[in-house]
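What follows is one structure encoded as structure tokens, with my remarks underneath.
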Amino acid sequence: MTVLLIISSARDDSVHMVLPKLEKRGVPLLWWDEADYPGASALTTRYADGRWRQTLTYRGKTQDLSEVTAVWHRRPGKPAAPDVGEPSQREFAGHVAKLALRGAYDLMTGARWMPAPPQHALAIDNKLLHLHRATELGFTVTETVVTNDPDELVPAWNRAGGKLITKTLDYVPFSLDDEARHLYTTQVTRRWLSGRHRLRHAPAILQPNVPKAYELRVTVVGERVFAARIDSQVSRMTAVDWRHHDDPKVGYSAYDLPPDVAERCARLVAGLGLTFAALDFIVTPDGRYVFLEVNVNGQWGFIELLSGLPISDAIADWLADATLRPDFKESTDAR
């Protein structure tokens, strides 16, 4: 028997979009969340009689993980032991649970993963690596400085003619005045230069603010490439970073990528050892495609809903094929 293991939160809307299509394709599956481990599930890895065996017990059922031929590692919660009262012991339980998961995943060598085994996805989720790989494939990449040296800010601002943007190396939430915040792509004003000493506390990405006609979100599923045009420049609120505001004036539509650009997108994702990723581009007024970044496990549901692109069908097709044809393996170059 072959089984698809979906690892994600029960509140993951993207999984809910794909689930009926997997059921229609007759894919046997188990949907599980790492947040239910170790508190509400049991994972056992055993070596005995010359063989390794792993089982996952969840909601009264035990799954032999050797039967798992495909894994969709989406967006699970953190391992948790909520019944452990003492905070340091609860933290310890969560930490060792992560180690046990990492080991269990490493042993699941017979499964195909989307987007990749989590330890690999974490290792290559690096904007500098993505930019470097993009230049190797011939994508246009704007001048980029990643630094925590305050003396680099003014020269970068001058080279950009006063049109400089900054963004963080990761999309990490933080608190300010007890309110949850995120750092979006932001224009560097002249006033910021006087406070450049603050840069030494955390490295940042500095780039010229590239003129935009519109932007693209390119979703790669296996070898299939889906591009959506985002008319971010129709609104002042989304002109610098379209993620910052949900503006109804901003249009989303399916977009025909030139074949050579689509092929390089697929090569970039496969070369990172991934079977799924979302890529962001600027299209300049003179028609150049400027690569921005790779989102290793990027959101795609809103793109499908707003553009009509059949991304969920492509994901269901890939997962069904991976589950029901376990002997097939993609060739990827993760060097």
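The values are calculated or read from the model by the stated rules, or taken from the named source; none is laboratory data. What you see is a predicted model; the values in this text were computed from it and never measured. Don't worry about glycine lacking a Cβ; one is built from the backbone with ideal geometry, like all the others, and counts go over all protein chains shown. Just the protein is used for accessible areas: all its heavy atoms, side chains included, with ligands, DNA and RNA removed. Shrake-Rupley method; radii C 1.70, N 1.55, O 1.52, S 1.80 Å.
Are any residues in the range 298-315 surrounded by fewer than 19 Cβ atoms within 10 Å (Cβ to Cβ) and either charged (D, E, K, R) or part of a loop (DSSP other than H, G, I, E, B) (or both), and if so, which ones?
Restricting attention to the range 298-315, the residues satisfying the condition of being surrounded by fewer than 19 Cβ atoms within 10 Å (Cβ to Cβ) are 298-299, 301-302, 305-306, 308, 310, 313.
If the condition is that a residue be surrounded by fewer than 19 Cβ atoms within 10 Å (Cβ to Cβ) and either charged (D, E, K, R) or part of a loop (DSSP other than H, G, I, E, B) (or both), then Gly298, Gln299, Gly308, Pro310, Asp313 are the ones that fit.
Return the residues of the range 103-120 that are in a helix (DSSP H, G or I) and either in contact with a Phe, Trp or Tyr (Cβ under 8 Å, 6 or more places away or on another chain) or of a type outside the set (D, E, K, R) (or both); say none if nothing qualifies.
Scanning the range 103-120 gives Gly103, Ala104, Tyr105, Leu107, Pro118, Gln119, His120.
Scan the range 218-236 for residues that are β-branched (Val, Ile, Thr) and either open to solvent by 80 Å² or more (accessible area, probe 1.4 Å) or at pLDDT below 95 (or both) and report the count.
So in the range 218-236, the residues β-branched (Val, Ile, Thr) come out as 218-221, 225, 230, 234.
Next, from what is left, pick out any that are either open to solvent by 80 Å² or more (accessible area, probe 1.4 Å) or at pLDDT below 95 (or both): 230, 234.
Result for the range 218-236: 2.
Any residue in the range 88-95 that is of a type in the set (Ser, Thr, Tyr) and modelled with pLDDT of 95 or more?
We begin by selecting, within the range 88-95, every residue of a type in the set (Ser, Thr, Tyr); these are 88.
Okay, now just the ones that are also modelled with pLDDT of 95 or more, so none.
Looking through the range 88-95, none of the residues is of a type in the set (Ser, Thr, Tyr) and modelled with pLDDT of 95 or more.
Name every residue in the range 237-266 that is surrounded by fewer than 17 Cβ atoms within 10 Å (Cβ to Cβ), outside any loop (DSSP other than H, G, I, E, B) and modelled with pLDDT of 95 or more, in order of residue number.
Ser253, Ala254, Pro259, Asp260, Glu263
Give the residue, chosen from Ala123, Ala134, Ala100, that is over 20 Å from Val269 (Cα atoms) and either outside any loop (DSSP other than H, G, I, E, B) or open to solvent by less than 30 Å² (accessible area, probe 1.4 Å) (or both). Working first, answer last.
Working: Ala123 fails: over 20 Å from Val269 (Cα atoms); Ala134 fails: over 20 Å from Val269 (Cα atoms).
Being over 20 Å from Val269 (Cα atoms) and either outside any loop (DSSP other than H, G, I, E, B) or open to solvent by less than 30 Å² (accessible area, probe 1.4 Å) (or both) holds for just one of Ala123, Ala134, Ala100, which is Ala100.
Would you check which residues across the range 280-292 are open to solvent by less than 20 Å² (accessible area, probe 1.4 Å), farther than 11 Å from Arg133 by Cβ and not in a loop (DSSP other than H, G, I, E, B) and list them? Working first, answer last.
Just the residues of the range 280-292 that are open to solvent by less than 20 Å² (accessible area, probe 1.4 Å), to begin with: 280-284, 290-291.
Restricting the remaining residues to those that are farther than 11 Å from Arg133 by Cβ gives 280-284, 290.
Of everything in the range 280-292, those that are open to solvent by less than 20 Å² (accessible area, probe 1.4 Å), farther than 11 Å from Arg133 by Cβ and not in a loop (DSSP other than H, G, I, E, B) turn out to be Asp280, Phe281, Ile282, Val283, Val290.
Results for (1) closer than 24 Å to Pro115 by Cβ; (2) touching a Pro at 6+ places or on another chain (Cβ under 7 Å); (3) not aromatic (Phe, Trp, Tyr), shown as yes or no for each residue.
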{"site": "Ser8", "(1), (2), (3)": "yes, yes, yes"}
{"site": "Val27", "(1), (2), (3)": "yes, no, yes"}
{"site": "Tyr37", "(1), (2), (3)": "yes, yes, no"}
{"site": "Thr57", "(1), (2), (3)": "no, no, yes"}
{"site": "Ser66", "(1), (2), (3)": "yes, no, yes"}
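Is it the case, given these coordinates, that Ala270 is closer than 27 Å to Arg11 by Cα and modelled with pLDDT of 95 or more?
Details: closer than 27 Å to Arg11 by Cα: no; modelled with pLDDT of 95 or more: yes.
So Ala270 fails the test.
Which of the residues spanning the range 27-50 are farther than 30 Å from Phe92 by Cα, open to solvent by 30 Å² or more (accessible area, probe 1.4 Å) and in contact (Cβ under 8 Å) with a residue 24 or more places away in the chain? Full working, then the answer.
The first filter runs over the range 27-50 and keeps only residues farther than 30 Å from Phe92 by Cα, leaving 27-29, 49-50.
If we keep only those that are open to solvent by 30 Å² or more (accessible area, probe 1.4 Å) too, we end up with 28-29, 49-50.
Pro28, Leu29, listed by residue number.
Output the number of residues of the range 40-85 satisfying the condition of being in a loop (DSSP other than H, G, I, E, B) and closer than 17 Å to Ser8 by Cβ. Can you show your working first?
Taking the range 40-85 first, the residues in a loop (DSSP other than H, G, I, E, B) are 40, 49-50, 59-60, 74-79, 81-85.
Then drop every residue that is not closer than 17 Å to Ser8 by Cβ, which leaves 40, 59, 74-79.
Final tally of qualifying residues: 8.
Please tell me if Thr142 is over 17 Å from Ala42 (Cα atoms), open to solvent by less than 20 Å² (accessible area, probe 1.4 Å) and either touching a His at 6+ places or on another chain (Cβ under 6 Å) or among the polar types (S, T, N, Q) (or both). I'd like the intermediate steps shown before the answer.
Numbers: over 17 Å from Ala42 (Cα atoms): yes; open to solvent by less than 20 Å² (accessible area, probe 1.4 Å): no; either touching a His at 6+ places or on another chain (Cβ under 6 Å) or among the polar types (S, T, N, Q) (or both): yes.
Against the criterion (over 17 Å from Ala42 (Cα atoms), open to solvent by less than 20 Å² (accessible area, probe 1.4 Å) and either touching a His at 6+ places or on another chain (Cβ under 6 Å) or among the polar types (S, T, N, Q) (or both)), Thr142 does not qualify.
Provide a single number: the residues in the range 267-294 that are over 15 Å from the mean Cα position of the chain (by Cα) and over 23 Å from Leu206 (Cβ atoms).
4
All but one of (1) closer than 30 Å to Thr185 by Cβ; (2) part of a helix (DSSP H, G or I); (3) polar (S, T, N, Q) hold for Thr142, so report the exception by its number.
(2)
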